[in-house]
Amino acid sequence: MSELTRKLPGSRKAAAEELQRLRRDIEYYNARYHQDDAPAIPDADYDRLFDRLLALEAHWPDLVTEDSPSRRVGAAPVDSFRQVTHEQAMMSLAKVVAEEELQAFEHRIREQLDHQGTLAYSCEPKIDGVAVSLLYEDGKLVRGATRGDGVVGEDITHNVRTISDIPLRLTGTRPPRRLEVRGEIYMPRSGFERMNRQAGESGDHVFVNPRNAASGALRQLDPRVTAQRPLSFFVYGAGLVQEAGDWPRTLSDTLDRLGEWGFPVNPQRSVVEGWRQCLAYAQQLLEQRDALDYEIDGAVFKLDDYRLQQHLGATARSPRWAVAWKFPAEEAATWLRDVEFQVGRTGAITPVARLEPVFVGGVTVSNATLHNMAEVERLDVRIGDRVVIRRAGDVIPQIVQVVKEEDIPAPLRDEAPVKRRVITMPEHCPACGSAVEPDGEVLYRCSGGLVCPAQRKESLKHFCSRGALDIEGLGDRLIEQLVEAELVHDPADIFCLQRESLLDLERMGEKSVDNLLAAIDRSRHTTLPRALYALGIREVGEATAVALAAHFGSLEALMEADEEALRQVDDVGPIVARHIVVFFGNDDNRDVIRRLREAGVQWREQARREVSDALAGQTWVLTGTLEAMTRDEAKARLQALGARVSGSVSKKTHCVVAGPGAGSKLAKAEELGVDVTDEQGLLALLAEHES
Ligand code: IVH
């Protein structure tokens, strides 16, 4: 947002004008966000407007008005809910993004407290949900309220009562006569995806992110609607406490106590000493971010000792004893410059967005997927639009929303780099010029088959990939070079590559050529499921390949099977069966298989197995990275033994396989006392049961 980071206005008059515009815009975005649950621009852009407002007001304090958005925490409540005045204001948190800012935060605390010793902090994930206040009297839930503007919120008791995570009555030792807890209501990612998928299918409103979905669910006038939404809750502190008996002296002890009374407390919280350990906590949390089933936008560090908190007090907006460490935003707005069409392994043509580079999720992004033309239509996106990009973890960046013309911050409206135009599917394949044909309702395919160099390259990339023959060093770039130099046309050619011709390629020295040839040689010995998967039969993923190999035992038996025989295999329906029969009926494919064999590629035939039920009735969870196999393969092999493989840990989980980088699922397993093993343990188990 170049316009908004520029230097301050030159005159008071110019500042006053800009402030007026900023306030109007911020009020408008506030209303869209808080009252409509439909943010018009990404948080990062909103924050920049707000920061600009604060900067101008700091420079011209006499221009600050009573009703400036800088004086308020959130937005005023809507009219349809009863209003609740919080007995203790619900504040906001100061935010920091850099190490120096965190250090300065601690420095200020030390100065104000005149404190030299260590400082203990309660560290917690900053949940990206909706802040709520829950009031209990004599252990019974009597009121739930939103934060609103921090002073006055909305009464959402009827909706809060439908959330199973929130106790209606407190358990354990005697709670205070009046107890107000505060925390965050959120929608787990898994529930959000499920809900949006169903909404998409039935044509209902699809939410942009879990936070807005949670907020929308809480603002339902009919609690029966809320009850159907997957909402959860984490408590992060206490507000008003009356007649408490002996109350803990630290926040961390309070959270333990709240846990005993039946509130869900975040398992990722931790008490550390000093700002450096806070930083280390934040870094660790960031690594686990993708593995958590809820969205977080940072970490919160709070002084653990209540006495010190009290000494420090608060500013108008936020307490001095706590700070939010913000992670890089996962959403940002930018311009859609162009759309190109990519051809996949099976000829499917995908629109890919070329963007004005934008920093999002910690990296600069200039491409995003648009999936298919149905998605283009759903988003109603055109070239030249301002779009919201989302990049979460290692997931491919996506366009999630178009910013409407009237929602684009005024200074940016004239900055569109290209003229607006409609996105249309080309009639001819951009790689080979063959006709593009529709396939089903949303897909388009290039009709060129293996004549099309793009399809050839993609099939080869698939053949060499990790779950397939796993040829180390034969990456995407090199495959493109090999196809362009006409050294490789199909997978069998890889095994006939000559040292001399490889040395002629750009950037290939003696050493890399030797390494590559050694890797190709190693890959000659593989397994039947890998070989099958590598062939790239449509709809045959790793799991189906494992199931087919177990059922037929050999490639010959599979090649001879008709559709009916194929459909005996779990997982194989009429469409997959048809694809398999068509694939093996094709002479070119049979020829590639014959030549692979001649080139010495061999897979261990496996004894034909009846479906084993050694693990029947057990639920397994895979988390972290695996090294000897992909997660899909592990899943398929467990399923082949009768196990169910689930994405989340519960008391009913039989065992969790945790590889390096395992996060919340491992923590949850430990908390619940569920068995945990590593990849070696899994391999041993598979070896024992796979005949
Ligand atoms: S403490 C006075 N802890 O972040 C401090 N807030 O700007 C009260 N949030 O909307 C906040 N996770 O609802 C705290 N572990 C956590 C949090 C958390 C999310 C939200 C909070 C508020 C915002 C603070």
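The values are calculated or read from the model by the stated rules, or taken from the named source; none is laboratory data. Nothing here was measured: the structure is a model prediction, and the numbers come from that model. For neighbour counting, all protein chains shown are included, and Cβ atoms are generated from backbone atoms with ideal geometry for every residue, glycine included. Calculation scope for accessible area: heavy atoms of the full protein, side chains included, ligands and nucleic acids excluded. Shrake-Rupley method; radii C 1.70, N 1.55, O 1.52, S 1.80 Å.
Between THR65 and GLU377, the modelled label-to-label distance comes to 4.6 nm, taking each label 7 Å out from Cα in the direction of the beta carbon. If only the Cβ of Lys and Arg carry +1 and only the Cβ of Asp and Glu carry -1, the dipole of the range 376-457 around its Cα centre is close to 280 debye. Remark: spin-label model distance SER650-THR171 equals 1.6 nm, labels positioned 7 Å along the Cα→Cβ axis.
Residue ranges 419-427, 388-396 sort as 388-396, 419-427 when ordered by packing (mean number of other C-beta atoms within 10 Å per residue, highest first). Each residue was assigned an accessible area with a 1.4 Å probe, and for THR623 the value is about 10 Å².
In terms of distances greater than 22 angstrom between alpha carbons, the cross-link table entries LYS7/LYS126; LYS140/LYS665; LYS126/LYS635; LYS7/LYS419; LYS95/LYS302; LYS635/LYS668 yield LYS7/LYS126; LYS140/LYS665; LYS126/LYS635; LYS7/LYS419.
Amide hydrogen proximity for TRP325: with H placed 1.01 Å from N in the peptide plane, the residues at 5 or more positions away or on another chain lying under 5 Å are VAL96, ALA299, VAL300, PHE301. Remark on VAL403: its backbone amide H falls under 5 Å from those of ARG386, VAL387, VAL388, a criterion applied only to residues 5 or more positions apart or on other chains, H modelled at 1.01 Å from N. Loop-located trypsin sites (Lys or Arg not before Pro) across the range 619-653 with a Cβ neighbour count of 11 or fewer within 10 Å are LYS651, LYS652, with loop assigned by DSSP. Projecting the Cα atoms of LEU555, LEU56, PHE192 onto the charge dipole of the chain (Cβ charges, centred on the Cα centre) puts LEU56 farthest toward the positive pole. Counting only cysteine Cβ atoms and a cutoff under 4.7 Å, the chain contains unmatched residues CYS123, CYS278, CYS464, CYS496, CYS655. The length gained by stretching the chain between LEU312 and ARG597 to full extension, at 0.36 nm per residue less their Cα-Cα distance, is 95.1 nm. Placing unit charges on the Cβ atoms only, positive for Lys and Arg and negative for Asp and Glu, gives the chain a dipole magnitude near 1520 debye about its Cα centre. Each residue of the range 32-37 was assigned a 3J(HN,Hα) from its phi angle through the Karplus curve 6.51 cos²θ - 1.76 cosθ + 1.60 (θ = phi - 60°); the sequence is 4, 6, 7, 9, 9, 6 Hz, with glycine and proline shown as x.
Give me the dipole magnitude in Debye, nearest 20, for the range 106-257 about the Cα centre, with unit charges on the beta carbon: positive for Lys and Arg, negative for Asp and Glu.
Roughly 320 debye for the range 106-257.
In the full protein context, the chain carries 48 Å² of accessible surface per residue, based on a 1.4 Å probe and ignoring ligands, DNA and RNA. Selection among GLY433, CYS446, PRO417 by position relative to the dipole of the range 405-452 gives GLY433 as farthest towards the positive end (Cβ unit charges, Cα centre). Placing R0 at 35 angstrom, the Cβ-Cβ distance between ALA628 and LEU54 gives a FRET efficiency of 0.10 after rounding to 0.05. Against the longest principal axis of the chain, how steep is helix 99-113, in degrees 0 to 90 to the nearest 10, with axes from Cα atoms? That helix lies at roughly 30 degrees to the long axis. The long axis of helix 274-288 is offset from the longest Cα principal axis of the chain by roughly 40 degrees. For the range 477-518, what does the alpha-carbon gyration tensor say about shape, rounded, prolate or oblate, given a ≥ b ≥ c as the root eigenvalues, a/c under 1.5 as rounded, and a/b over b/c as prolate? Oblate shape, in that a/c is at least 1.5 and b/c is the bigger or equal ratio. The order of the peptides 257-266, 229-238, 543-552 by mean Cβ neighbours within 10 Å, most packed first, is 543-552, 229-238, 257-266. Surface composition of the range 57-198: carbon and sulfur atoms hold 47% of the protein heavy-atom accessible area at a 1.4 Å probe.
For LYS13, no lysines have a Cα closer than 19 Å to its Cα, not counting residues fewer than 8 places off in the same chain.
Looking at the range 531-637, the GluC sites (Glu not before Pro) that sit in a DSSP loop and have at most 16 other Cβ atoms within 10 Å of their own Cβ are GLU539, GLU605, GLU610, GLU627.
Ranking of CYS432, CYS496, CYS464 by solvent-accessible surface, largest first: CYS496, CYS432, CYS464 (1.4 Å probe, protein heavy atoms only, all chains present).
Rounded to the nearest 10 degrees, the inclination of helix 679-689 to the longest alpha-carbon principal axis of the chain is 50 degrees.
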